[in-house]
Amino acid sequence: QVQLVESGGGLVQAGGSLSLACAASGTIFGFSNYNMAWYRQAPGKQRELVAGISSLGRTTYADSVKGRFTISRDNAKNTVYLQMNSLKPEDTAVYYCNAAFGGIRDSWGQGTQVTVSS
């Protein structure tokens, strides 16, 4: 079982920036072999994929955040990051870190609240 701990959430004004981090432990197959992702869930809405980064470093982004958010990983630190720029009120949500390896059940962090004021 992979343990994931998110940090960096908080309050920010529209147009501002925020950086999230997700520290992983218990990655028995090696952190670098896991696909990592950030999801978010706003009140009354379904959880959605925000950004993902594969074990090979390939990235994917939701259309709503392209050009504003950047996902990255530091395998030496077992950490994945999400740099969020030009934040909008609609980015307000609980952001969750996700780790996946092959057919093993995904692991999730506890979530961190991001609130963007207008």
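The values are calculated or read from the model by the stated rules, or taken from the named source; none is laboratory data. Given the structure is predicted, the values throughout are model-derived calculations rather than measurements. Cβ placement follows ideal geometry from the backbone for every residue including glycine, while neighbour counts extend to all protein chains displayed. Only protein heavy atoms, including side chains, enter the accessible area calculation; ligands, DNA and RNA are left aside. Shrake-Rupley method; radii C 1.70, N 1.55, O 1.52, S 1.80 Å.
Taking all protein chains into account, the per residue accessible area for the chain stands at 53 Å² (1.4 Å probe). With a simple spin-label model that places each label point 7 Å from the Cα along the Cα-to-Cβ direction, the separation between residue 25 and residue 106 comes to 2.4 nm.
For the chain, the share of accessible area belonging to carbon and sulfur comes to 49 percent (1.4 Å probe, ligands and nucleic acids excluded). One Cα centroid belongs to region 64-79, the other to region 26-63; the line between them spans 9 Å. For the pair residue 7 and residue 75, a Förster radius of 22 Å applied to the C-beta separation gives a FRET efficiency near 0.75, rounded to the nearest 0.05.
Listed by chain and number, the lysines placed with their C-alpha closer than 25 angstrom to that of residue 66 are 45, 88; residues fewer than eight positions away on the same chain are left out.
Between residue 16 and 87, the built amide H atoms are under 5 Å apart, and every one of these is 5 or more places off in sequence or on another chain.
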